[in-house]
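The values are calculated or read from the model by the stated rules, or taken from the named source; none is laboratory data. The shown structure was predicted, so the numbers you read here are calculated from the model rather than taken from an experiment. Here the Cβ is made from the backbone with ideal geometry for all residues, glycine too, and neighbour counts use every protein chain on show.
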Amino acid sequence: MKTKTLSYLLLLGFAVLSSCVNGDEHMAISYTLKSGTNYNTGGTVNVQQIEGGVKITIKLEGGIEGEFHPAHLHFGAWDGEGEMAAMLNSVDGTTGLSVTELKVLSDNSSMNFDRFLTFDGSIRIHPNDGDLRKEIMAYTNIGINTP
């Protein structure tokens, strides 16, 4: 009886270990959005590993209803002059949501979850593409720029 029980426990342990390494688990990290000058905004940026890239979900609080706010991944910290690394899908000011699957940056280099964790960059959200396109409505540093 002990042999049967031991065999069963070993089989069960193997099944549990197999389910932990089957690739269904996705790595993820969250960042807090900070308010830009002249705005009362906040929210989160969630980054999840996907096959061959990352899925970036922005949840902005304090967006302008009916507006779409451009969102970008930039090289360098939020307060620097870093060039745009990637255009993200605009944030819907009514719902506060933006979801982007990102695999390639503007310099044609690939982006994956491991690179994102060590990336010298920031995410910036702007009020619009017009006269306020240089203002930062909300931002967060990412990768090596996080405290």
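When Asn108, Asn112 are checked against the criterion of being more than 18 Å from Thr44 (Cβ to Cβ), under 14 Å from the mean Cα position of the chain (by Cα) and at pLDDT 95 or above, a single residue qualifies: Asn112. Within the range 59-75, the set of residues being among the small types (Gly, Ala, Ser), assigned to a strand (DSSP E or B) and surrounded by fewer than 16 Cβ atoms within 10 Å (Cβ to Cβ) is empty. Checking the range 109-125 against the condition returns no match, with no residue being crowded, with 18+ Cβ neighbours inside 10 Å, free of Cβ contacts under 8 Å to residues at least 40 places away in the same chain, of a type in the set (Gly, Ala, Ser) and outside any loop (DSSP other than H, G, I, E, B). Among the residues of the range 90-101, those that are within 18 Å of Phe116 (Cβ to Cβ) and crowded, with 17+ Cβ neighbours inside 10 Å comprise Ser98, Thr100. Taking the range 81-105 as the range and being farther than 20 Å from Thr41 by Cβ and not in a strand (DSSP E or B) as the test, the residues that pass are Glu81, Gly82, Glu83, Lys103, Leu105. Condition check: under 15 Å from the mean Cα position of the chain (by Cα) and not acidic (Asp, Glu). Does Met84 satisfy that? When the stated conditions are applied, Met84 does not pass them.
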